[in-house]
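So the structure is just underneath, and the comments pick up after that.
The values are calculated or read from the model by the stated rules, or taken from the named source; none is laboratory data. Keep in mind that this is a model prediction, so the values were computed, not measured. Here the Cβ positions follow ideal geometry from the backbone for every residue, glycine too, while neighbour counts run over all protein chains shown. Accessible surface areas use protein heavy atoms only, side chains included; no ligands, DNA or RNA. Shrake-Rupley method; radii C 1.70, N 1.55, O 1.52, S 1.80 Å.
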Amino acid sequence: MQIERLGGSLGARASGLDLRNWTTELERELRAQLLVHKVLLIPGAILDPEQLLRIAQGFGRVRVHPVVPHVEGHPGVIEIRNFGKARTLNEHWHSDVTFEPEPPDFTLLQAQVVPACGGDTLFANQTQAFEELSVGMKAALSRLRAVHSGGGLARIMGQDQAPEALHPVVRLHPETGEKALYVCRAFTQGFEEMTAPESAPLLEYLYSWAVRPHLTIRITWRPGDLVIWDNRCVQHYALHDHGDEERVLLRVTMGGERPIGESKVLEEPS
Ligand code: SIN
């Protein structure tokens, strides 16, 4: 496997792999690379839902999306099919499904059909976003929790339920021990026990801070590209600049753990 960095902050291309010949040794190596680079681009052959699920299972427990319907016969696989702005579900900065109590750790996304140009996906490093804050801001944020809601997505999907979860604003990565900002424009509603207008100024500041250009990479898809990312320390954004051209990707999200923050660690010393 050859590893080549994609940006100054995060991301790497892992090439020389056969996606249809997946081994546990390869999984171990990819997982280790993911903890370093946070986003991996793996060029390869187009997979069907069954093949993608088989690869995903190596990364843990496949989860079924609480709101978006899955591909028939393949719980856990969702098809992201966009035809222009009018049907955009994901043109916003987010980490996946943060409105669940145990949001996914990894996401696997494979391009099936790509537009002639455009339709890139952007990723931003939330560990570096946190590290670059002042000492005072880091301390203040480490005491806060925020409410995340899937109400907007549920409404688009014609559902009444609005799943919600409360998470630390600074998330401790269970495998690397690094801290990352864990709020996103798509799903975060406000800080715990504060009103939306009270929360908005600081949240707006953090949303912009978290996705400054030097923290990002931009992936231009080719059919068969598989991208795997770590939702615990990365946000992403699907750019819909490809008019009405077809763009189809298959996505699987993996079971994660309840996010913990610093205050939780202080409360419960091990
Ligand atoms: C997603 O938001 O999980 C998918 C990103 C994309 O469509 O590029």
Subject >> Any hit, region 152-161, residues being open to solvent by less than 50 Å² (accessible area, probe 1.4 Å), within 19 Å of Ala200 (Cα to Cα), of a type in the set (Gly, Ala, Ser) and more than 16 Å from the ligand (Cβ to nearest atom) >> reply: no
Subject >> Tally of residues being surrounded by 15 or more Cβ atoms within 10 Å (Cβ to Cβ), out of contact with any strand residue (DSSP E or B) (no Cβ under 7 Å at 6 or more places or on another chain) and small (Gly, Ala, Ser) across region 71-122 >> reply: 1
Subject >> Single match in Ile46, Ile3 (criterion: open to solvent by 50 Å² or more (accessible area, probe 1.4 Å), modelled with pLDDT of 95 or more and more than 25 Å from Glu257 (Cα to Cα)) >> reply: Ile3
Original post:
Given the conditions (1) farther than 26 Å from Leu108 by Cβ; (2) of a type in the set (Asp, Glu); (3) within 18 Å of the chain's Cα centre (by Cα), and given that Glu175 satisfies all but one, which numbered condition is not satisfied?
Top reply: (1)
**OP:** Determine which single condition Met137 fails, assuming it passes every other condition in (1) in contact (Cβ under 8 Å) with a residue 60 or more places away in the chain; (2) surrounded by fewer than 19 Cβ atoms within 10 Å (Cβ to Cβ).
**Re:** (1)
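Please find, within region 246-262, the residue that is farthest from the ligand (Cβ to nearest atom) out of those that are among the hydrophobic types (A, V, I, L, M, F, W, C) and surrounded by fewer than 19 Cβ atoms within 10 Å (Cβ to Cβ). If you could, list the steps in order and put the result at the bottom.
Going residue by residue through region 246-262, those that are among the hydrophobic types (A, V, I, L, M, F, W, C) are 248-250, 252, 254, 260.
Then drop every residue that is not surrounded by fewer than 19 Cβ atoms within 10 Å (Cβ to Cβ), which leaves 248, 260.
Working: Val248: 10, Ile260: 23 Å.
Looking at the filtered set, the residue picked out is Ile260.
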Original post:
What are the residues in region 29-43 that are open to solvent by 30 Å² or more (accessible area, probe 1.4 Å), over 16 Å from the mean Cα position of the chain (by Cα) and of a type in the set (A, V, I, L, M, F, W, C), if any?
Top reply: Ala32
Subject >> Selection count, region 27-50, where residues are in a loop (DSSP other than H, G, I, E, B) and either within 19 Å of Gly76 (Cβ to Cβ) or aromatic (Phe, Trp, Tyr) (or both) >> reply: 3
Original post:
So Val67 fits all but one of (1) open to solvent by 30 Å² or more (accessible area, probe 1.4 Å); (2) farther than 27 Å from Glu27 by Cβ; (3) in contact with a Gly (Cβ under 7 Å, 6 or more places away or on another chain); what number is the exception?
Top reply: (1)
Original post:
If you go through region 196-245, how many residues are open to solvent by less than 70 Å² (accessible area, probe 1.4 Å) and outside any helix (DSSP H, G or I)?
Top reply: 25
**OP:** Go through region 189-238 and give me each residue that's under 14 Å from the mean Cα position of the chain (by Cα) and among the polar types (S, T, N, Q).
**Re:** Thr216, Asn231, Gln235
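Looking only at region 140-164, filter to residues that are in a helix (DSSP H, G or I) and modelled with pLDDT of 85 or more; which one of those is nearest to Thr188 (Cα to Cα)? Give the derivation first.
Of all residues in region 140-164, those in a helix (DSSP H, G or I) come to 140-142, 151-156.
Narrowing further to those that are modelled with pLDDT of 85 or more: 140-142.
On the way: Ala140: 18, Leu141: 14, Ser142: 16 Å.
In this case the residue turns out to be Leu141.
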Subject >> Residue list for region 75-117, filter: on the phi > 0 side of the Ramachandran plot and more than 13 Å from the ligand (Cβ to nearest atom) >> reply: Gly76, Gly84
Original post:
When region 222-241 is examined, which residues are found to be within 12 Å of the ligand (Cβ to nearest atom) and more than 18 Å from Trp93 (Cα to Cα)?
Top reply: Asp225
Original post:
So which residues in region 43-74 are without any contact (Cβ under 8 Å) to a residue 60 or more places away in the chain and at positive phi?
Top reply: Gly73
